[in-house]
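Notes follow once the structure below has been shown.
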Amino acid sequence: MKKTPGLLPLTPPVFHILLALADEERHGYGIMQDVARQTNDALQLGPGTLYGCLKRMLAAGLVEESDEREHDREQDDERRRYYRMTPLGRSTVRAEAGRLAGAVSAAKAKLGLAGGK
Amino acid sequence: MKDPKLVRGLGRLYAALLYAYPREFRLQYGTEMQQLFRDRCREIARDGRAGPWLRFGLGSIADWIASALRERRPFKLIQEWAVTLLLFLFVTTTMVQAYVVPTGSMENNILVGDHLLVDKVGFENGGNNWSSYVLPHRQVKRGDIVAFRYPEDVRQTFVKRVIGVAGDHIHLKDKQVIRNGDKLDEPYARHSGQSIDDYRDNFPTAADFYTLGGGRDMFAHNVHDGEVIVPPGTLFVLGDNRDNSLDSRYWGFVPINYVVGKPLVIYWSYDAPTSDLVTWNLAHLEDVALHFFTRTRWNRMLKVPAQ
């Protein structure tokens, strides 16, 4: 696995945006909806936060722009830009997930929480 | 399918809010951000309850502020505003300045609570006047309304009318101003009653209890044969509200280099008591916030004080 030292830890929005793009390409609204689903509505990304993150993620090479196309659902008069995850993005989000898993198991051990098994 | 009015309105509002972001960012992502915002609005409009709207509204404002600040690094912010700030400083220090009128001495021409812009370059000797080399200007003349530093306390700025310039002989007879032997026709002057106060209305008599430092000097050195003679380099000023004005009759002459400028335009007029206008206080701020629309005298906005 590629080392991505400068990028970890990821901020929660960046982490969840990468997760949202793990299975498919999405446009901005799609990312926002998926992030809300992942977090049970705890993280509701606003446009400024979302596109600010995307801008920096594009610059870091974690995601890339896919093509522009018509959105397939109802009401879609507009063309939208889709984003997809790069291999670097995939390895970064994996590394971050591993880091978080490590942190969680350390916490469980310290706090004596059952459930790790 | 057409969006409900609310959604379209919010969309327009959001489009305006995008100007808080740097131009580059706006051009790159503005359209998408608007799409996203609209999608969210539609989603919530379908839901139809008030709670989600509230949460969405607060969330959007927080997102807007936080991300706009993040995209605009402070340094960039300073860069972008530097020119504006410099211009602003330049203009307010040398060209125009804002003053508030705390007393009624110029009523009904200028009221208590009028906020004035003062033209600082129109007069010769108006303040620190290097600009007179470049811009048109003239000497202060009789009848001008001037803003000037109050000689008894230079921290205060007064607004009065010039009645006499250097060399003029002035006295008052039963409220009538007589300058160099001529009765002045003063349509702007206002009197509050018929009663005659000798000091005030038959000036100059003799210094009395009300006479301030500069006024005592004036009585000592500049009164001859029942007339005040305006010394070189000074002005004799009176308020239009003639019977209620603390003016040259009480504190003497205005050195011409104390003149700040000429009241240009009333940019805001707010009905407030003198004390609140002199010393700024929290209660006044609250008062303005609560009564801005009702106690602003809209008809006085952008009025030019009659000369």
Practice task
Would you tell me the accessible area of A:Arg99, worked out with a 1.4 angstrom probe on the heavy atoms of the protein chains, in Å² to the nearest 10?
Solution key: 100 Å²
Problem - Shielding by partners - mean other protein chain Cβ count within 10 Å, residues of B:35-45 - result: 5
Practice task
Using a 10 Å cut-off on Cβ atoms, rank the peptides A:42-50, B:16-24, B:268-276 from the highest mean neighbour count down.
Solution key: A:42-50, B:268-276, B:16-24
Practice task
Could you give me the radius of gyration and the Dmax of chain B, taking only the C-alpha atoms into account and expressing both in angstrom?
Solution key: 27.7, 90
Practice task
Could you tell me which of the pairs B:Lys173/B:Lys262; B:Lys160/B:Lys183; A:Lys55/B:Lys5; B:Lys141/B:Lys183; B:Lys141/B:Lys173 are separated by over 21 angstrom between their Cα atoms in the structure shown?
Solution key: B:Lys173/B:Lys262; A:Lys55/B:Lys5; B:Lys141/B:Lys173
Problem - Helix-derived mean residue ellipticity, 222 nm - over the protein assembly as shown, DSSP H n ≥ 4, -39500 (n - 2.57), to 500 - result: -13000 deg cm²/dmol
Practice task
Between B:Asp63, B:Asp201, B:Asp144, find the one with the highest GNM mean-square fluctuation for chain B; connect C-alpha pairs within less than 10 Å.
Solution key: B:Asp63
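Can you sort B:Phe88, B:Phe203, B:Phe293 by 1.4 Å-probe accessible area, starting with the largest?
From most exposed to least exposed: B:Phe293, B:Phe88, B:Phe203.
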Practice task
Round to a whole angstrom and tell me the spacing of the C-alpha centers of the range A:1-67 and the range B:173-222.
Solution key: 79 Å
Practice task
May I ask for the accessible area buried between chains A and B, both sides summed, probe 1.4 Å, to the nearest 100 Å²?
Solution key: 2100 Å²
Practice task
For the range B:154-307, report the accessible area per residue in Å² (1.4 Å probe, heavy atoms, rounded to an integer).
Solution key: 52 Å²
Handout entry: Top of B:Gly226, B:Gly57, B:Gly215 by mean-square fluctuation, Gaussian network on chain B, Cα under 10 Å
Key = B:Gly57
Practice task
With N set to the residue count of the range B:5-93, report its C-alpha Rg divided by 2.2 N^0.38 Å to two decimal places.
Solution key: 1.37
Exercise for the section: Ignore the peptide's own chain and count Cβ atoms of other chains within 10 Å of each Cβ in A:26-32; give me the average, rounded. Expected result: 4
Handout entry: 1.4 Å probe accessible area per residue over the range B:5-93, in Å²
Key = 66 Å²
Practice task
Tally the DSSP beta bridges in chain B and give the antiparallel ones as a percent, rounded to 5.
Solution key: 95 percent
Problem - Residue-level accessible surface for B:Phe25, protein heavy atoms, 1.4 Å, Å² - result: 10 Å²
Handout entry: Largest-first ordering by accessible area, 1.4 Å probe, given options B:Asp185, A:Asp41, B:Asp3, B:Asp240
Key = B:Asp185, A:Asp41, B:Asp3, B:Asp240
Completion exercise
Taking the square root of 5λ for each eigenvalue of the C-alpha gyration tensor of the protein assembly as shown, the equivalent ellipsoid has semi-axes, largest first and in whole angstrom, of 72, 22, 21
Fill in the blank from the handout: Any residue on another chain or 5+ positions along whose placed amide H is under 5 Å from the amide H of A:Arg26 is listed here as A:Tyr83
Completion exercise
Phi-derived 3J(HN,Hα) across the range B:159-176 with the Karplus relation (6.51, -1.76, 1.60, θ = phi - 60°), rounded Hz, x for Gly and Pro, is 10, 9, 9, 6, 9, x, 10, 3, x, 6, 9, 10, 8, 10, 10, 6, 6, 8
Exercise for the section: Only Lys, Arg, Asp and Glu count, each charged at its Cβ (+1, +1, -1, -1), so figure out the dipole size of the range B:159-236 about its Cα centre, rounded to 20 debye. Expected result: 260 debye
Exercise for the section: Starting from the residue with the highest accessible area, list B:Arg155, B:Arg216 in decreasing order, probe 1.4 Å. Expected result: B:Arg155, B:Arg216
Completion exercise
Rounded to the nearest 10 Å², the 1.4 Å probe accessible area of B:Ser192 is 80 Å²
Handout entry: Fraction of alpha-carbon pairs over 19 Å apart in the range B:100-261 - percent
Key = 53 percent
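The values are calculated or read from the model by the stated rules, or taken from the named source; none is laboratory data. Only a predicted model underlies this, so the values are computations on that prediction, with no experimental measurement involved. Neighbour counts are summed over all protein chains in view; Cβ atoms, including those assigned to glycine, are modelled from backbone coordinates with ideal geometry. Please note that ligands, DNA and RNA were not included when accessible areas were found on the heavy atoms of the full protein model with its side chains. Shrake-Rupley method; radii C 1.70, N 1.55, O 1.52, S 1.80 Å.
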